[in-house]
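Notes follow the structure.
The values are calculated or read from the model by the stated rules, or taken from the named source; none is laboratory data. This structure is a prediction, so every number in the text was calculated from the model and none was measured. Reconstructed Cβ throughout: ideal geometry from the backbone, glycine too, with neighbour counts over all protein chains shown.
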Amino acid sequence: MTAYIALLRAVNVGGTGKLPMTELKALCEAAEFAKVETYIASGNVVFESGLTEAEVVAALDRKLNAYAGKPVGVLVRTAAEMTAGLKANPFPDAAPNYTVAIFLDTPPAADALNGIVAPDGEQVRLGKREIYVYYPNGQGRSKLKIPAAKAGTARNINTVARLAEMAGAL
């Protein structure tokens, strides 16, 4: 069995994509995932499965689509990948609540950051399948636009650390 973390895109953020975490847990259990735990109400779930990453994504896609009546973006990492992503944070001295990892399905293109404008001094770096951003004045007020991140989903480093810890404990 592999420990996985699933990150749902645009769930319970800004009044969109309402999905109670009890429902998310039940959907994962119905997909026959084991040791299912959710973390905060923004679409984070940790579990074990004997399926491959692609099979986990497909199973979650089916369950979430049936529940919501529309596609819900799902990105999946193994416990080891989440831990590696945490260790790869290029801003280790920055406040973890002002630093995010934007998780992507595929590696970002080498030119993914060409042409971005960081109006508030944001710092942006590419990772393996992540884009890391440090928001010195907070993410909520930032006008930073990263076109390559549109299909991804962001979690602050505190959340990434907690999810890595939870998955590592399975």
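The figures follow:
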{"item": "Filtered residues of segment 124-156 (kept if at pLDDT 95 or above and farther than 18 Å from F103 by Cβ)", "result": "P136"}
{"item": "A164 touching a residue at least 60 places away in the same chain (Cβ under 8 Å) and either in a helix (DSSP H, G or I) or not polar (S, T, N, Q) (or both)", "result": "yes"}
{"item": "Residue tally, condition in contact with a helix residue (DSSP H, G or I) (Cβ under 6 Å, 6 or more places away or on another chain) and either surrounded by fewer than 17 Cβ atoms within 10 Å (Cβ to Cβ) or among the charged types (D, E, K, R) (or both), over segment 97-134", "result": "2"}
{"item": "Those residues of segment 130-161 which are of a type in the set (S, T, N, Q) and either in a loop (DSSP other than H, G, I, E, B) or within 13 Å of M82 (Cα to Cα) (or both), in sequence order", "result": "N137, Q139, S142, N156, N158, T159"}
{"item": "Residues that are in a helix (DSSP H, G or I), at pLDDT 95 or above and surrounded by 15 or more Cβ atoms within 10 Å (Cβ to Cβ), drawn from segment 60-83", "result": "A79, E81, M82, T83"}
{"item": "Residue list for segment 86-101, restricted to those being outside any helix (DSSP H, G or I) and either more than 11 Å from N156 (Cβ to Cβ) or not β-branched (V, I, T) (or both)", "result": "A88, N89, P90, F91, P92, D93, A94, A95, A101"}
{"item": "Scan of segment 52-64 for residues that are closer than 18 Å to A26 by Cβ and touching a residue at least 40 places away in the same chain (Cβ under 8 Å), ordered by number", "result": "V56, L60, L64"}
{"item": "Among the residues listed as D120, D105, D111, the single one being part of a loop (DSSP other than H, G, I, E, B) and over 20 Å from A151 (Cα atoms)", "result": "D120"}
{"item": "Members of segment 143-155 that are surrounded by fewer than 17 Cβ atoms within 10 Å (Cβ to Cβ) and touching a residue at least 40 places away in the same chain (Cβ under 8 Å)", "result": "A151"}
